1. For Lys54, are the conditions met, namely being more than 20 Å from the chain's Cα centre (by Cα), surrounded by 14 or more Cβ atoms within 10 Å (Cβ to Cβ), among the basic types (Lys, Arg) and under 30 Å from Gly135 (Cα atoms)?
2. Out of all the residues in segment 188-199, is one or more in a helix (DSSP H, G or I), modelled with pLDDT of 90 or more, farther than 30 Å from Trp305 by Cα and in contact with a Lys or Arg (Cβ under 9 Å, 6 or more places away or on another chain)?
3. Under 6 Å by Cβ, and 6 or more places apart or on different chains, what pairs join a residue from segment 145-169 that is in contact (Cβ under 8 Å) with a residue 60 or more places away in the chain with one that is among the hydroxyl-bearing types (Ser, Thr, Tyr) and not in a helix (DSSP H, G or I)?
4. Could you count how many residues in segment 363-401 are assigned to a loop (DSSP other than H, G, I, E, B), over 15 Å from Asp42 (Cβ atoms) and under 22 Å from the mean Cα position of the chain (by Cα)?
5. Kindly indicate the residue of segment 166-187 that is surrounded by fewer than 16 Cβ atoms within 10 Å (Cβ to Cβ) and of a type in the set (A, V, I, L, M) and also nearest to Gln309 (Cα to Cα) among those meeting that condition.
6. Do we find that Val8 is in a helix (DSSP H, G or I), without any contact (Cβ under 8 Å) to a residue 60 or more places away in the chain and surrounded by 14 or more Cβ atoms within 10 Å (Cβ to Cβ) in this structure?
7. Could you check, for segment 296-316, whether at least one of its residues is over 30 Å from Gly84 (Cα atoms) and touching a Leu at 6+ places or on another chain (Cβ under 8 Å)?
8. Quick one: how many residues across segment 202-213 are part of a helix (DSSP H, G or I) and at pLDDT below 90?
Amino acid sequence: MNPNHFTVVFLAALALSTGLRLWLDLRHLRHVRAHREQVPADFFGRIELVDHRKAADYTAAKVRIGLAEIAVDTLVLLVLTIGGMLGLIDQALRSLLGGGYLHGLALFACVGLLGFFVGLPASLYRTFRIEARFGFNKLTWPLWFADLAKGVALTVLIGGPLLFAVLWLMDAMGKNWWFYVWLVWLGTNLLILFLYPTVIAPLFNKFTPLEDASLKQRIEALLARCGFASSGLFVMDGSKRSAHGNAYFTGFGRSKRIVFFDTLLEKLAPQEIEAVLAHELGHFRHRHVIKRIALSAALSLAFLWLLGQIIDQPWFFDGLKVGAGGTAMGLLLFSMVLPVFLFPLAPLTSSLSRKHEFEADAYAAQQTAAGDLIAALVKLYRDNAATLTPDPLHSLFHDSHPPASQRIARLKPL
């Protein structure tokens, strides 16, 4: 391919992706505002107008900062690629470090730091202004810095060796390097999935065994009915960061554990907590986690194969105006531009996720009372200020969960 042709293709894809994202967000903003003054019929009498308005305003605030982020991210990508900044960073690092693995690690580190600082203002504004304004933020500055330090440490300790291994395999394994990289990537992800509940998560939150005897008995009976074995029932101190509530099960194999946010236990009745957990167990019963791991593995294999076909092509690097090629630059560029081409396909993965949510809801209705799950969902939508009136097209692209009205409508006959 001619480098200039690929430049045109990339710019066209970027314009399409950015324009589509902005248009969808603006649609969503208008739709939520238009329905701000009327609670949907399915929720009439369950959610007060003041709570519905709060959800609309909360959604609008998040969308507005999201619009700014889209514009900034697009500009940064253009500056790094077509603008030549990535090539300049690469040349500077080569002059300092040469062209070995240290150069590759430093290249990723520099771009990662740049992305962090570019995204920092919006992240801080979202947490300490928007979340605080609507009564959700509990995060303090000392805790924010502690989380940041731990996150950086984990990135260096896990991401550094993994990236080094990937770069080495790309150089040492010939034309089929992409297959060996995929094996390492898959193995690392499975290892993290296994270690996350007992090693990684406790670095950020405190997990204590569930002490409510009656609730514990109710949940253990549900687990027995569903044939689910876990390493324990735990309560997480989510309230030290946010007022949002949730429940989930995490881990792999014998390390599976069920986790409740302390905020969730405060807001829901015992039978509603049981219904929410039954929904999560529905994902387990339908093997959704395994299916998602398998899909992720298949897609990553396909993407790595594709990278293997273009990483030696000069038009790929020249078309993006980065100058010198190489394994590190090729991997970095590919990871930066791939989302541009994939965003228009987002409804495919979102629809699969929503299908799984409907299946988990149906399973919960078999194991518990559907009315309890409806009551729990209504409380969660209300307390988390989740909009009940999302724009359908925006939801199709962005939402992994079905809109509230669709979930309630499917649960009612059950």
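1. Against the criterion (more than 20 Å from the chain's Cα centre (by Cα), surrounded by 14 or more Cβ atoms within 10 Å (Cβ to Cβ), among the basic types (Lys, Arg) and under 30 Å from Gly135 (Cα atoms)), Lys54 qualifies.
2. Checking segment 188-199: not a single residue is in a helix (DSSP H, G or I), modelled with pLDDT of 90 or more, farther than 30 Å from Trp305 by Cα and in contact with a Lys or Arg (Cβ under 9 Å, 6 or more places away or on another chain).
3. Sorted first by the residue in segment 145-169, then by its partner, the list stays empty.
4. 6
5. My answer is Met173.
6. no
7. Yes, some residue in segment 296-316 is over 30 Å from Gly84 (Cα atoms) and touching a Leu at 6+ places or on another chain (Cβ under 8 Å).
8. 1
The values are calculated or read from the model by the stated rules, or taken from the named source; none is laboratory data. Not measured: the values here are computed from a predicted model. Counting neighbours? That spans all protein chains shown, and the Cβs are built from the backbone with ideal geometry, glycine included.
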